[in-house]
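What follows is a set of notes on a single structure, which appears directly below.
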Amino acid sequence: MNLYSFDDPRRAIHIHTPTPPQPWINYLSNGRVHAFVSQAGGGLFWHKSAVSGRITRYRMHHLPLDTPGFYVYIRMPDGSVWSPSFRPAEAELDGFSCTHQPGVTTFNAEKSGIQAKLEMFICPDHDIMVWNLSLDSDLPEAIDVDVFAYMEFSLQDWKCEENFGYYRTHQVITRFDEEEQALLMIRRLNHPPLVYMASNVSLESWDGEREAFLGHYRTEFNPAAVEKGRCSGKELPTGHPCGALHPRLSLKPGESANVSFFAGVAEILDKDFEKAKATMRQSLSSLRKTGGVQEQKQKLNEWWERHFDAFQCSIPHESAQRQINTWSAVNTVHTGRYSRAVSRLAPGSRGVGFRDTCQDMLSIAYRQPDWAAEVFSFLLSQQFRDGHTVHFCYPDDPEGPYLSTRSDNHLWLPLLAYAIVAETGDVSLLDRKVAWYDDSTEATVWEHLLASICFAMDNRGSHGLPLLFGSDWNDSIAEMYHTKEGRAESIFAAQQAVVAINRMIPLAEALGDNESLNWLEESHRTLTAAILESAWDGEWWRRGYDDNGHPMGSSASEVGKLFLNTQSWAVLSGIGTLEQRQIGMDAVEENLLTDVGLKACHPGFIPWPEDPDSHCGSSRGTNENGAIFCHANTWAIIAEALLGNADRAWKYFTQLIPAEVAKTVGIERYAAEPYAWVSQIIGPENDRYGWANVEHVTGTATWMDVAATQYLLGVRAELDGLRIDPCVPADFKKFSITRSFRDCTVVIDIEHRSGQGRGVQSLTLDGKPVSLEKGPVIPASLLAGKARVQVQVLM
């Protein structure tokens with residue numbers, strides 16, 4: 001039996017076993033409250049921040065794996081117990097499947113003539129997670145079954161709980177609201193949100209104390225209350241809180257019995273506890289009415305469909321089409337919401353990474369530009385007057401940001417600004433005012449962007465390249481070369497600065513800011529000259545220079561001879577001759593290509609203690625030390641597309657599609673979800689070659705989406721219009737794309753006659769030819785006021 005199967009019409013994956021190689025999770029969210037749930041019912045629930053607003057517990061690095069979670073126990077008349085999600089009862093099931101869809105997870109299970117369907121999602125209009133359970137019976141006679149729903153509550157402030165939980169337990173109580181039949185969890189200190197658990201049917205019993213429900217020396221796998229068939233009805237005066245609700249359902253042959261459980265949050269504002277309870281009552285009343293739950297699910301599905309409608313394609317490559325149309329689009333929402341902070345192994349303590357979030361919003365910019373603009377404004381508020389930025393921060397937590405200076409954080413801002421303005425056509429975004437992080441005075445967005453380039457230009461080393469500081473995008477580069485003296489320089493950051501300036505020049509022209517335009521052009525010339533003078537090694541582009549002025553990533557190096565990123569960004573920046581760019585990418589294919597992607601560098605650095613003088617902390621083949629760093633692979637895909645190397649570009653893309661990698665190395669070795677992008681795959685210099693890790697919360701998601709939609713399929717927004725410039729293999733004879741752009745749905749049919757991979761011969765809009773004088777761009781003026789247009793492209 002296959003472990004899983006895709007269901008593309010439903011945008012779903014069906015997981016046919018509760019025990020794949022590791023937990024395969026799905027995120028549920030309304031943007032305010034969030035959860036992830038695994039194929040076995042394990043998961044985490046939080047409000048705004050997984051650090052300061054954690055509602056339930058989840059063991060991220062401990063055994064038993066993937067516990068606790070959102071648990072349902074079904075107790076039969078003979079006392080036997082089973083769970084629709086397999087866990088926690090772990091009884092052998094007669095049938096099982098878990099289906100992950102955008103924002104919804106559904107379990108279907110069968111045991112002893114009873115079919116169970118358990119559906120989980122978070123309501124758009126209420127800060128409530130719904131567990132909707134339906135039971136059907138094939139038995140010849142009516143029976144009563146006891147159902148128990150269980151969550152283990154966290155003490156909300158995760159760091160305090162980890163460090164001071166033995167005191168914090170005395171600040172938490174549970175109470176049962178008889179009128180609402182709701183169990184309340186209250187933390188007395190600092191008035192965090194009210195947490196509650198309720199149902200839409202009458203209850204037989206309940207528990208608010210973990211030990212009362214589980215029993216002494218028991219776990220979620222064998223709770224005493226379920227064994228007895230009844231909870232104790234204990235509120236918690238102090239100790240370990242839980243939510244356990246117990247209704248009884250009557251099952252008649254050929255009929256369904258239904259129960260919904262609600263796990264919710266109500267904010268306490270101005271210490272007004274009664275107002276929070278009123279919010280709870282209103283939400284429960286809305287969901288308990290007939291059709292209330294289904295109404296919320298419908299709204300959730302509509303939100304996702306609007307997100308998908310921004311870009312859809314029909315191409316002759318099934319797994320690529322699936323990944324582009326559904327799973328990349330889903331993954332970009334998760335990274336947009338969680339940066340790199342929350343997953344089954346990431347507790348949320350990292351906060352919002354500055355460079356990460358700038359990149360994550362690039363894929364949101366063309367699907368939901370208002371969301372991207374809101375996040376962009378927040379990021380600008382984390383910028384210092386001199387142009388550099390914080391490294392990561394905690395917008396929903398009182399903890400201050402991490403202030404380590406990096407050479408690249410600020411350089412991502414112009415890329416995001418251009419993406420938003422190009423998508424909307426609204427140059428007035430650049431006139432908005434945002435305060436500096438270290439100064440209460442405000443500056444325009446445009447002034448913030450200029451400051452980002454100023455910082456790069458004002459902080460250059462002896463070769464005229466930007467100083468490395470704590471690192472550039474590669475967090476390990478300073479560690480690898482022990483650059484602690486502050487003189488090291490980054491060629492990669494120099495290339496990024498050129499790309500940033502390339503984005504800012506058309507913005508300066510649109511603003512009519514000739515003074516800044518002249519300065520940007522001069523800065524471009526200065527950086528380009530410095531790169532050309534010091535970066536070319538003969539067969540590839542170097543990586544930078546260490547404190548002593550020695551080159552990094554050179555043919556003279558024993559380890560780390562060749563780095564991927566400077567080869568791809570030479571193409572993205574347009575630096576050097578076309579021959580140099582092509583030679584650099586040829587070196588990538590020759591030296592870095594594996595069966596499942598491109599290594600970040602080669603050869604890997606030898607770590608301590610094998611090398612007593614090594615400063616590299618990562619084993620060979622892991623992280624930036626020779627892993628297949630998927631995030632970095634995306635830029636190689638874009639580079640090959642820009643060079644017109646269609647076969648290479650699509651090979652690099654398709655070999656990294658999660659389901660394809662799983663086929664290549666085997667799902668047991670790959671282990672990760674076959675639908676979610678990963679940060680890295682362990683490289684061939686390590687015996688765990690093929691193991692994928694850091695799933696979901698990775699920049700791979702955004703950049704794979706951008707690479708596929710904007711460079712492989714070639715549809716991307718520019719200030720003046722919509723560029724259509726695909727780079728596709730010869731067997732893509734005919735394909736189509738639907739793209740939303742400035743309130744117009746653009747339906748694009750493409751005929752690829754020559755098989756040359758790239759090059760648009762003609763464009764027509766609603767049957768009328770479009771001039772190619774400025775390239776294959778449909779001017780925005782031709783789309784203005786139109787709801788839908790038809791475009792024909794001949795390649």
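Within segment 270-282, is there a residue that is open to solvent by 30 Å² or more (accessible area, probe 1.4 Å), assigned to a loop (DSSP other than H, G, I, E, B) and of a type in the set (A, V, I, L, M)? Checking segment 270-282: not a single residue is open to solvent by 30 Å² or more (accessible area, probe 1.4 Å), assigned to a loop (DSSP other than H, G, I, E, B) and of a type in the set (A, V, I, L, M).
You will find that of 319, 349, 286, the residue that is part of a loop (DSSP other than H, G, I, E, B) and open to solvent by 10 Å² or more (accessible area, probe 1.4 Å) is 349 and no other. Is it the case, given these coordinates, that residue 789 is assigned to a strand (DSSP E or B) and either free of Cβ contacts under 8 Å to residues at least 12 places away in the same chain or surrounded by fewer than 22 Cβ atoms within 10 Å (Cβ to Cβ) (or both)? When the stated conditions are applied, residue 789 passes them.
The residue that is nearest to residue 516 (Cα to Cα), among those in segment 444-459 that are in a helix (DSSP H, G or I) and among the β-branched types (Val, Ile, Thr), is 453. When the residues of segment 669-690 are filtered to those that are farther than 22 Å from residue 100 by Cα and of a type in the set (A, V, I, L, M, F, W, C), the one that is surrounded by the fewest Cβ atoms within 10 Å (Cβ to Cβ) is 682. Against the test of being without any contact (Cβ under 8 Å) to a residue 60 or more places away in the chain and either in contact with a His (Cβ under 8 Å, 6 or more places away or on another chain) or open to solvent by 20 Å² or more (accessible area, probe 1.4 Å) (or both), the options 101, 115 yield a single qualifying residue, 115. Inside segment 719-764, residues that are touching a Pro at 6+ places or on another chain (Cβ under 8 Å), surrounded by 19 or more Cβ atoms within 10 Å (Cβ to Cβ) and in a strand (DSSP E or B) make up a count of 6. Among the residues making up segment 386-403, those that are closer than 24 Å to residue 159 by Cβ, open to solvent by less than 30 Å² (accessible area, probe 1.4 Å), in a loop (DSSP other than H, G, I, E, B) and not acidic (Asp, Glu) are 390, 391, 394.
Scanning segment 651-668 for residues that are farther than 20 Å from residue 14 by Cα and open to solvent by 10 Å² or more (accessible area, probe 1.4 Å) yields 651, 654, 655, 664, 665.
Filter segment 691-709 for residues that are open to solvent by 20 Å² or more (accessible area, probe 1.4 Å) and either in a strand (DSSP E or B) or touching a residue at least 40 places away in the same chain (Cβ under 8 Å) (or both) and give the result. Result: 693, 694. Within segment 475-494, restricting attention to residues that are in a loop (DSSP other than H, G, I, E, B) and open to solvent by less than 20 Å² (accessible area, probe 1.4 Å), which residue is nearest to residue 551 (Cα to Cα)? Filtering segment 475-494 for residues that are in a loop (DSSP other than H, G, I, E, B) and open to solvent by less than 20 Å² (accessible area, probe 1.4 Å), the one nearest to residue 551 (Cα to Cα) comes out as 488. When the residues of segment 24-81 are narrowed to those that are among the aliphatic types (A, V, I, L, M) and in a loop (DSSP other than H, G, I, E, B), which ends up nearest to the chain's Cα centre (by Cα)? Looking at the filtered set, the residue picked out is 50. Of everything in segment 419-428, what is farther than 22 Å from residue 390 by Cβ and either in a helix (DSSP H, G or I) or open to solvent by less than 10 Å² (accessible area, probe 1.4 Å) (or both)? Give them in sequence order. Within segment 419-428, 421, 422, 423, 424, 427, 428 qualify. Of the residues 204, 267, 220, which single one is in contact with a Pro (Cβ under 7 Å, 6 or more places away or on another chain), open to solvent by less than 30 Å² (accessible area, probe 1.4 Å) and in contact (Cβ under 8 Å) with a residue 40 or more places away in the chain? Exactly one of 204, 267, 220 is in contact with a Pro (Cβ under 7 Å, 6 or more places away or on another chain), open to solvent by less than 30 Å² (accessible area, probe 1.4 Å) and in contact (Cβ under 8 Å) with a residue 40 or more places away in the chain, namely 220. Taking (1) modelled with pLDDT of 95 or more; (2) over 15 Å from the mean Cα position of the chain (by Cα); (3) open to solvent by 30 Å² or more (accessible area, probe 1.4 Å) in turn, residue 337 satisfies each apart from (2). When each of 435, 443, 456 is tested for being of a type in the set (Gly, Ala, Ser), open to solvent by 10 Å² or more (accessible area, probe 1.4 Å) and either more than 19 Å from residue 550 (Cβ to Cβ) or at pLDDT 95 or above (or both), the lone residue that passes is 435. Scanning segment 529-557 for residues that are of a type in the set (D, E, K, R) and either without any contact (Cβ under 8 Å) to a residue 24 or more places away in the chain or open to solvent by less than 50 Å² (accessible area, probe 1.4 Å) (or both) yields 537, 543, 546, 547. Within segment 138-192, the only residue that satisfies the criterion of being under 20 Å from residue 258 (Cβ atoms), open to solvent by less than 50 Å² (accessible area, probe 1.4 Å) and out of contact with any strand residue (DSSP E or B) (no Cβ under 7 Å at 6 or more places or on another chain) is 139. Go through 264, 239 for me and flag whichever is part of a strand (DSSP E or B), over 26 Å from residue 90 (Cβ atoms), touching a helix residue (DSSP H, G or I) at 6+ places or on another chain (Cβ under 9 Å) and small (Gly, Ala, Ser). So the residue among 264, 239 that is part of a strand (DSSP E or B), over 26 Å from residue 90 (Cβ atoms), touching a helix residue (DSSP H, G or I) at 6+ places or on another chain (Cβ under 9 Å) and small (Gly, Ala, Ser) is 264.
The values are calculated or read from the model by the stated rules, or taken from the named source; none is laboratory data. Just so it is clear, the model here is predicted, and its values are computed rather than measured. Cβ coordinates were reconstructed from backbone atoms using ideal geometry, including for glycine residues, and neighbour counts include every protein chain displayed. Accessible surface is based on the protein model in full, side chains and every heavy atom, while ligands, DNA and RNA are left aside. Shrake-Rupley method; radii C 1.70, N 1.55, O 1.52, S 1.80 Å.
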